[in-house]
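One structure below.
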């Protein structure tokens, strides 16, 4: 391969890398759009406020979904539900631990209007996970499913125990020193004016 | 407690039930000086910092064993800092009038050429300095627990706002109880009971505070509104302005109770129930 073709390859590789980075960041930044609705499913679009979440174990966060009625008719009795699944087979995930209120019964949705159920989540274990919202009718035979939010839970933040000790000992010691000084000052003889 | 050899207020100062800013300021200054230079304020601060040290150490060391997250550790320490700070204020205010009454110094205090309202305002302001000193001492603990947590500044400001609202409310409660109590023991006992009763709903799980009764409790009880607000700031990372509506009850209580205490201060007597 000639020097000029190496240069072209390097430029192309650089552009591909840049495009990949842009796509990755775009995935992180843009809200998640709904997947096409299955036949018989409620005619709704389900969007999430984020495409991905970075969290540490124990951290609480909130996901906001937007459920939009894409039909002209009013939809009644819709049920929104959130689910969590771990993509690592070695990790056991119980969705109830991650979100204690996983079902929301929506008010009537007139044509073109939307509802914004909020989901309070807490990361209880580390690892890669997927979170998605579904919408169904009480008597439906199919379920509308939103695109999943990618959840990446890292190791939980810990307080540096060694760093705590100077404060834990130092602050009461400083107050004790102040108290001793005041007591000594009060007991010392003062000339009467 | 005011027990100095020089007159509290100049002899020609006006007397009566109403408060004058100058007289209230003089009473407050004398009370603050007495509280801190007598060593009693510092002794309370020592107990306060020891409580915070114990909480911080246990929280930090237990994190290695359990899944207590850093924000939860910070939230726990902030709750303890605010609650114990409020406890100091209510205990100090509960002693403010009934303590003087029991020690037999209230009569001489009432005979000084200053209004009853000025006396009560001065004692309330003096008690509030305990809260501000306590929070200042709590900041190193909160900082060391919250290093690396985003929005730590919001957490510190949120704690100061909620703690100050609760301190104002508790100062009002403590002063009212103290004015109407014949003995210091009764005043302290009732104040502590009220503090625990008001604090109890805030300890309930969120599910227990759903429905109209839970909403009413959150609106009326400053603790039940204030602590979930702090949770939103600390645990969820919300900016301090986002959930400010949750503090409505705390703001109303922080204005109403001290105002009631000042209003009823005009009827302050040597013995509760007797005519001024």
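The values are calculated or read from the model by the stated rules, or taken from the named source; none is laboratory data. In this text the structure is predicted, and so the values were computed from the model without any measurement. Quick reminder, even Gly has a Cβ in these numbers, built from the backbone with ideal geometry, and neighbours come from all protein chains shown.
Some values worked out for this structure:
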quantity: Odd one out for residue B:214 among (1) surrounded by 13 or more Cβ atoms within 10 Å (Cβ to Cβ); (2) in a helix (DSSP H, G or I); (3) modelled with pLDDT of 80 or more; calculated: (3)
quantity: Candidate set from region B:44-62 (those that are facing another protein chain (nearest Cβ under 7 Å) and within 12 Å of residue A:172 (Cβ to Cβ)); member that is surrounded by the most Cβ atoms within 10 Å (Cβ to Cβ); calculated: B:56
quantity: Given (1) surrounded by 16 or more Cβ atoms within 10 Å (Cβ to Cβ); (2) modelled with pLDDT under 50, index of the condition residue A:80 fails; calculated: (2)
quantity: Test for residue A:173: is it over 17 Å from residue A:60 (Cβ atoms), within 11 Å of another protein chain (Cβ to nearest Cβ) and surrounded by fewer than 17 Cβ atoms within 10 Å (Cβ to Cβ); calculated: yes
quantity: Where a residue in region B:228-241 is facing another protein chain (nearest Cβ under 9 Å) and its partner, wherever it lies, is modelled with pLDDT under 85 and in a loop (DSSP other than H, G, I, E, B), with Cβ under 7 Å and at least six apart; calculated: B:237/B:150; B:237/B:151
quantity: Some residue of region B:2-23 being buried (at least 20 other Cβ atoms within 10 Å of the Cβ), in contact with a helix residue (DSSP H, G or I) (Cβ under 7 Å, 6 or more places away or on another chain), closer than 28 Å to residue A:181 by Cα and modelled with pLDDT of 90 or more; calculated: no
quantity: Boolean, residue B:166 is away from chain A (no Cβ under 14 Å), closer than 23 Å to residue B:224 by Cβ and modelled with pLDDT of 90 or more; calculated: yes
quantity: Residue that is farthest from the chain's Cα centre (by Cα), among those in region A:54-77 that are surrounded by fewer than 21 Cβ atoms within 10 Å (Cβ to Cβ) and within 14 Å of residue A:149 (Cβ to Cβ); calculated: A:66
quantity: Hey, residue B:144 crowded, with 19+ Cβ neighbours inside 10 Å and within 14 Å of chain A (Cβ to nearest Cβ) or not; calculated: yes
quantity: One residue from A:118, A:184, A:91 being within 14 Å of chain B (Cβ to nearest Cβ), more than 30 Å from residue B:134 (Cβ to Cβ) and without any contact (Cβ under 8 Å) to a residue 60 or more places away in the chain; calculated: A:118
quantity: Condition check for residue B:76: part of a helix (DSSP H, G or I), surrounded by fewer than 24 Cβ atoms within 10 Å (Cβ to Cβ) and without any contact (Cβ under 8 Å) to a residue 40 or more places away in the chain; calculated: yes
quantity: Residue in region B:88-101 that is in contact with a helix residue (DSSP H, G or I) (Cβ under 8 Å, 6 or more places away or on another chain) and free of Cβ contacts under 8 Å to residues at least 40 places away in the same chain present; calculated: no
quantity: Number of the condition not met by residue B:250 [criteria: (1) within 14 Å of another protein chain (Cβ to nearest Cβ); (2) buried (at least 20 other Cβ atoms within 10 Å of the Cβ)]; calculated: (1)
